[in-house]
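Everything on this sheet refers to the single structure shown next.
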Amino acid sequence: MVRLILPRVAPPAWFFNIGNHVAKELIVLDDDTNIHEKVRRLFPEKTVFATTREDEFIKLAQEMPNALVLVDFDFGGTRSGLDLIASEPALRQGVLVSGRISFDRDLRGSALDRGVRMYPKECLG
């Protein structure tokens, strides 16, 4: 039997814990529908609205101002998820969800400079 004891460490300053947010609804914009299902499985206590379409996503965010919005960086739209969050008033409290966050310092720096919260896709399982 092998026993490993690892110390607890605080998450990085840029990490936003979606699970601790009080919102009861999540709105997800991602071109990968597998991510939609991962979010539903990971947060079963929340109602998840998911789409691959930017226009539908923005409309949902406008209709549900108390929902937490999650945006993929490369969702297949005309702009990046970071630019979408930073430019749309209904998304100003949005969370950037991307597999690039963990290794792309420039992306993290740009998001932090714009006040955009981040959650790595790897944490979705």
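Please treat every number below as a calculation from the coordinates, not as lab data. Predicted model, so just to flag it, every value in this text is computed and none were measured. When we count neighbours, we look across all protein chains shown, and the Cβ atoms used for this are built from the backbone with ideal geometry, even at glycine.
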Tell me which lysines have Cα within less than 19 Å of K38's Cα, excluding those fewer than 8 residues away on the same chain? K24, K46, K121
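Counting Lys and Arg as +1 and Asp and Glu as -1, what is the net charge of the other residues whose Cβ lies under 11 Å from the Cβ of L68?
Overall, the nearby charge balance is +2.
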Mean-position separation - Cα centroids, region 1-39 and region 71-125, in angstrom: 14
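Remind me, relative contact order of the chain in percent, using alpha carbon pairs under 8 angstrom and six or more residues apart? Could you put the intermediate results ahead of the total?
Numbers: 193 pairs, mean separation 31.0, N = 125.
The normalised contact order for the chain reaches 25 percent.
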Straight-distance crosslink candidates among aspartates and glutamates, where the alpha carbon sits under 18 Å from K59 and sequence neighbours closer than 8 are dropped: E25, D30, D31, D72, D83, E88
Rounded, prolate or oblate: which one fits region 20-124, using the alpha carbon gyration tensor with axes a ≥ b ≥ c (rounded when a/c is under 1.5, else prolate when a/b beats b/c, else oblate)? rounded
